[in-house]
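The values are calculated or read from the model by the stated rules, or taken from the named source; none is laboratory data. As the structure is a computational prediction, the values presented were derived from the model and not from experiment. Every residue, glycine as well, gets a Cβ built from its backbone with ideal geometry; the counts of neighbours run over all protein chains shown. Heads up: the accessible areas ignore ligands, DNA and RNA and are worked out on the full protein's heavy atoms, side chains in. Shrake-Rupley method; radii C 1.70, N 1.55, O 1.52, S 1.80 Å.
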Amino acid sequence: MTINNGLPRASYSEAIDGARAGQPFNDEYYAGILSKYVGTLTFGRQRSLGTDTMLQYDPAGGGYAFSYIGYNGTMAGGGDTEDSRWDDALKYRLVYGPAHFGAAYKFADGSAGCFSASATWTAANCTPEAAHNNAYGFNLGGNAGKFFADIVYQHYNQAISVLNPLLGPQSLAAPYQSTTDSINTNQITGANLIATNNTVYGIVTDNNAVMTTAKYSSEAFKVFAGYEYIWQNNPKNPLGVGASVQGGYFMSGVEDNNLDAEKLLNIWWTGAKYTYRSKTDVTFAWYQQRQNDFRKPPTCSAAAGFRASCAGSLNEGSLYLDHHFTKRFDSFAGVAYSYVSGGLAIAIPHGPGVPYKSDNNLAPTVGSRFTF
């Protein structure tokens with residue numbers, strides 16, 4: 001038996017580099033005040049505005065088995081999975097007739113570690129950095145009868161993406177720590193500032209994202225569409241070795257200058273859901289993600305070698321049936337198919353001598369679920 005938010009295929013970003021990060025309270029916990037006239041204000045650990053909107057306009061409802069934007073997390077986090085949920089965040093919501101408005105602000109928190117631009121540095125001659133990982137976002141939307149639409153903008157400073165999640169919590173590929181350049185090429189020559197085991201090695205960027213969504217919803221038939229544009233740059237304020245990340249982990253290696261060019265992501269999705277006699281849903285969804293070349297060398301080919309920074313695309317489609325026997329018990333069956341190429345094919349296992357050029361995957365899923 002499986003459940004519809006299980007991981008039928010590798011989803012390293014959410015399993016290791018995710019906002020949940022093994023925390024005991026890994027989704028939301030917050031408190032606030034509610035007014036019928038002036039809106040709702042909450043503070044605590046909360047989903048980003050992008051996460052809230054994505055779940056409402058995803059045909060597959062964010063289900064890990066059938067939704068690329070559900071199990072991946074890049075879109076909800078505005079570029080990085082970890083940022084799909086914000087700690088120490090204020091969120092304001094106001095509904096006025098058919099329109100609604102939202103705003104969110106995340107206060108800077110945690111430690112930014114110790115930083116130096118020199119390759120010959122130790123704990124004695126590096127400069128402690130102040131955290132600048134604040135974030136903000138806005139949401140505007142509404143409906144006209146059965147038509148709904150939303151637009152979301154998000155900005156996140158010092159966003160962190162774990163560099164090599166395949167290596168697990170001890171993600172350094174060598175027993176030394178790096179500063180600001182390419183992977184493990186500008187190591188500290190003195191003693192390590194912090195232990196290199198049970199830590200993470202990450203890329204730091206400043207992220208911006210704009211998401212637009214629309215849907216038509218009737219009692220039996222729903223149609224969904226969405227688009228997100230994400231642009232990422234090297235951080236204005238660098239992080240240092242020893243910086244803290246979600247889940248209580250620390251960074252033993254930091255890449256503040258990883259991008260040779262602005263990283264650009266284009267993601268769109270569409271789909272439809274049909275409900276038969278109120279108990280059976282048939283859902284089709286399609287997702288596509290494209291990225292540019294954002295690190296040298298600019299030539300990426302089977303001959304030159306592919307890397308994760310090469311331009312590439314991902315297409316994924318899913319079709320599944322979900323039957324509700326009771327209010328709390330349902331069973332489902334379906335299949336997801338994905339095709340990846342270029343830099344986005346790097347995470348897919350290949351045989352010896354097979355270039356990282358393209359690959360595809362077929363993932364059938366059958367299961368039942370009881371919800372409380």
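Just one of (1) at positive phi; (2) surrounded by 15 or more Cβ atoms within 10 Å (Cβ to Cβ) fails for residue 277. It is (2).
Select from the stretch 33-59 the residues that are in a loop (DSSP other than H, G, I, E, B) and among the charged types (D, E, K, R) and write down the one among them that is farthest from residue 286 (Cα to Cα). Please lay out each step first, then the result.
Filtering the stretch 33-59 down to residues in a loop (DSSP other than H, G, I, E, B) leaves 36-38, 48, 58-59.
Retained after the next criterion (residues that are among the charged types (D, E, K, R)): 36, 58.
On the way: 36: 38, 58: 10 Å.
Going through the qualifying residues, I end up with 36.
Look through 331, 318, 341 and report the one residue that is crowded, with 22+ Cβ neighbours inside 10 Å and either of a type in the set (Gly, Ala, Ser) or modelled with pLDDT of 90 or more (or both). Working first, answer last.
Numbers: 331 fails: crowded, with 22+ Cβ neighbours inside 10 Å; 341 fails: crowded, with 22+ Cβ neighbours inside 10 Å.
Unique residue meeting the criteria: 318.
Hey, does the stretch 124-140 have a residue that's open to solvent by 20 Å² or more (accessible area, probe 1.4 Å), within 20 Å of residue 40 (Cα to Cα), in contact with a His (Cβ under 7 Å, 6 or more places away or on another chain) and modelled with pLDDT of 85 or more? Yes, the stretch 124-140 has at least one match.
This table checks each residue for (1) among the aliphatic types (A, V, I, L, M); (2) open to solvent by 30 Å² or more (accessible area, probe 1.4 Å); (3) under 24 Å from residue 26 (Cα atoms).
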{"site": "205", "(1), (2), (3)": "no, no, yes"}
{"site": "209", "(1), (2), (3)": "yes, no, yes"}
{"site": "212", "(1), (2), (3)": "no, yes, no"}
{"site": "216", "(1), (2), (3)": "no, yes, no"}
{"site": "219", "(1), (2), (3)": "no, yes, no"}
{"site": "222", "(1), (2), (3)": "no, yes, no"}
{"site": "243", "(1), (2), (3)": "yes, no, yes"}
{"site": "249", "(1), (2), (3)": "no, yes, yes"}
{"site": "252", "(1), (2), (3)": "no, no, yes"}
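If the condition is being among the aliphatic types (A, V, I, L, M), open to solvent by less than 30 Å² (accessible area, probe 1.4 Å) and modelled with pLDDT of 95 or more, then the stretch 90-123 contributes 103, 104. Filtering 18, 6 for residues that are modelled with pLDDT under 95, at negative phi, in a loop (DSSP other than H, G, I, E, B) and surrounded by 19 or more Cβ atoms within 10 Å (Cβ to Cβ) leaves a single hit, 18. Do the conditions hold for residue 156, that is, is it over 30 Å from residue 283 (Cβ atoms), open to solvent by less than 40 Å² (accessible area, probe 1.4 Å) and modelled with pLDDT of 95 or more? The answer is yes for residue 156. Taken over the stretch 224-241, residues that are outside any strand (DSSP E or B) and open to solvent by 40 Å² or more (accessible area, probe 1.4 Å) amount to 3.
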